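The values are calculated or read from the model by the stated rules, or taken from the named source; none is laboratory data. No experiment lies behind these values; they were computed from the predicted model shown. So basically every Cβ, Gly included, is an ideal-geometry build from the backbone, and we count neighbours across all protein chains shown.
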Amino acid sequence: MRQTASVYDQVLDYSNRPNPYPLYAELRRIPVSREEDGTCVVSTYQEIAALLHDPRISSDLRNLSEEYYRPAVSPGEPGGFIRYDPPHHDRVRRQAMRHFGPPHDPGRIDSMRPWLAEVVTALIDRFGDRNRVDIVDDFAYPFPVTVICRLLGVPREDEPRFRGWVDVLVEAIDPRRAQDAEQLRKRDQALAEFGQYLAELVEAHRRQPGDDLLSGLVADPGPDGSMSQGELLGAARLLLIAGHETTVNLITNGMLTLLRHPGVLERLRHEPDLVIGTVEELLRYEPPVHLIPWRAALDDIDIAGTTIPKGSPVALVLAAGNRDPRRFQDPDRFDPEREDNAHLGFGGGIHLCFGAPLARTEAQIALTEIARRLENPRLVEDPPQYRESPVLRGPRHLLVEFEGVTA
């Protein structure tokens, strides 16, 4: 047994969840390091960006060598087209995007802005006469859940039903739990139950389509034809999970960062246009997704003086690349007016985050309004309690006290 944990092992360890950034700096000393289990860990900006665009890096884990391939791993992902390679990926992503945004439906997200503002306003109004709230449970979670349910055509009242399945599936993408038999059993059960729920929902939309994404996928196949049932259910599961989990972290990490930088918070209160740069800097400085734990090398890949062997698992540590001093000046400083901010907050390449335009819009509206309306907000606990996941990193609770809520 290894006597000393590797830097990557320490990143995955929950005790370092509040501040993994010193470990990321250590990781970057060796741009591509190799773990005992064969995983190649990539931590520097240039190398991560190159591999995100490299067709020799596969998202289909069946391309791992036999010594590394664990059948238990692949189904544990939220699934859908993020686990496909071209041309399969390209077709299914086009089919989904056709009903979500440009070029076929360019106004969909912008047209939602007034309603998004109404949802945010209503959530803040519910704070009422309280002087303490949990930003996660009272605001950052219910907002994107409400949005993705409406967008997909999922009944909002079903949230308590699917939340348990989502929690299990998010746990399953944790590299520490890839071989945990009980975790895998829970994951398989969640996948089966979630799949049955989504199949019933798809059938309901097939019988009675509405103005939502699921209805569009079912009723309007477009030039690429129809998705198979498996593709449709995988896409629905992916969009429902990714459509709120990452945005919860973006908003919560955003509020935490602003409270730690009161000068920026005060500026945002009076300069709402600052929110655009603020959200982009948050995606670099405190991103909602810290690493992509599993990709597969389709060939030997020479990079940064190292060879990633064909069939090896590859982990891309996006959050480490986001603070690479060779790419960003003074990278540990939070600067909402940072120029040339080509962050990795939404990944890159063919798997660039599908919902990025919606996530940006939600975060901009949420942070602008909560900064404007909370009087003298302050953290109750710092650091807050974090979620378990090293992949989707964010506070589990964020208690904030304030003196009142303005109109």
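If we keep just the residues of the range 335-357 that are buried (at least 17 other Cβ atoms within 10 Å of the Cβ) and more than 18 Å from the chain's Cα centre (by Cα), which is nearest to PRO22 (Cα to Cα)?
Taking the candidates together, the pick is ASP335.
So which helices (runs of 4 or more DSSP H) stay within the range 90-177 end to end and still have 1 or more residues that are closer than 28 Å to ASN376 by Cα? Give the derivation first.
Numbers: elements: 108-111, 113-125, 142-152, 159-172.
The qualifying helices (runs of 4 or more DSSP H) are 113-125, 142-152.
Please work out which residue is farthest from LEU352 (Cα to Cα), limiting yourself to the range 59-79 and to residues that are at pLDDT 80 or above and buried (at least 20 other Cβ atoms within 10 Å of the Cβ).
LEU64
Report, by residue number, each residue of the range 20-40 that is within 18 Å of GLY345 (Cα to Cα) and either of a type in the set (D, E, K, R) or not in a helix (DSSP H, G or I) (or both).
Those that are within 18 Å of GLY345 (Cα to Cα) and either of a type in the set (D, E, K, R) or not in a helix (DSSP H, G or I) (or both): PRO20, ARG28.
Name the residue that is surrounded by the fewest Cβ atoms within 10 Å (Cβ to Cβ), counting only residues in the range 377-407 that are part of a loop (DSSP other than H, G, I, E, B) and of a type in the set (A, V, I, L, M).
Selected residue: ALA407.
Restricting the search to the range 162-213, which residues are among the hydrophobic types (A, V, I, L, M, F, W, C), farther than 30 Å from GLN10 by Cα and out of contact with any Lys or Arg (no Cβ under 8 Å at 6 or more places or on another chain)? Let's see the steps before the verdict.
First, pick out the residues of the range 162-213 that are among the hydrophobic types (A, V, I, L, M, F, W, C): 162, 165-166, 168-170, 172-173, 178, 181, 184, 190-192, 194, 198-199, 201-202, 204, 213.
From what is left, the residues that are farther than 30 Å from GLN10 by Cα are 162, 192, 194, 198-199, 201-202, 204, 213.
PHE162, ALA192, ALA199, LEU201, VAL202, ALA204, LEU213 - these are the residues of the range 162-213 that are among the hydrophobic types (A, V, I, L, M, F, W, C), farther than 30 Å from GLN10 by Cα and out of contact with any Lys or Arg (no Cβ under 8 Å at 6 or more places or on another chain).
Taking ALA342 as the residue in question, decide whether it is out of contact with any helix residue (DSSP H, G or I) (no Cβ under 6 Å at 6 or more places or on another chain), assigned to a loop (DSSP other than H, G, I, E, B), closer than 26 Å to LEU116 by Cα and not aromatic (Phe, Trp, Tyr).
Considered against the rule, which asks whether it is out of contact with any helix residue (DSSP H, G or I) (no Cβ under 6 Å at 6 or more places or on another chain), assigned to a loop (DSSP other than H, G, I, E, B), closer than 26 Å to LEU116 by Cα and not aromatic (Phe, Trp, Tyr), ALA342 comes out as no.
Among ILE82, ILE109, which is the only one that is under 30 Å from ARG185 (Cα atoms) and either at pLDDT 90 or above or among the β-branched types (Val, Ile, Thr) (or both)?
On the way: ILE109 fails: under 30 Å from ARG185 (Cα atoms).
Exactly one residue qualifies, and that residue is ILE82.
Quickly run through the range 345-370 and pick out the residues that are assigned to a helix (DSSP H, G or I) and either among the aromatic types (Phe, Trp, Tyr) or in contact with a His (Cβ under 9 Å, 6 or more places away or on another chain) (or both).
Hits for the range 345-370 are GLY349, ILE350, HIS351.
Filter the range 319-349 for residues that are modelled with pLDDT under 95 and among the hydrophobic types (A, V, I, L, M, F, W, C) and give the result.
Answer for the range 319-349, where residues must be modelled with pLDDT under 95 and among the hydrophobic types (A, V, I, L, M, F, W, C): there is none.
Table: residues versus (1) buried (at least 22 other Cβ atoms within 10 Å of the Cβ); (2) under 22 Å from the mean Cα position of the chain (by Cα); (3) acidic (Asp, Glu); (4) under 20 Å from PRO357 (Cβ atoms).
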residue	(1), (2), (3), (4)
VAL248	yes, yes, no, yes
ASN253	yes, yes, no, yes
ARG260	no, no, no, no
GLY263	no, no, no, no
GLU266	no, no, yes, no
HIS270	no, no, no, no
ASP273	no, no, yes, yes
GLU281	yes, yes, yes, yes
PRO287	yes, yes, no, yes
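Which of the residues spanning the range 33-57 are acidic (Asp, Glu) and under 12 Å from ALA297 (Cα atoms)?
ASP54
When you scan the range 366-376, do you find a residue that is surrounded by fewer than 22 Cβ atoms within 10 Å (Cβ to Cβ) and either without any contact (Cβ under 8 Å) to a residue 12 or more places away in the chain or among the aliphatic types (A, V, I, L, M) (or both), even just one?
No: the range 366-376 contains no residue that is surrounded by fewer than 22 Cβ atoms within 10 Å (Cβ to Cβ) and either without any contact (Cβ under 8 Å) to a residue 12 or more places away in the chain or among the aliphatic types (A, V, I, L, M) (or both).
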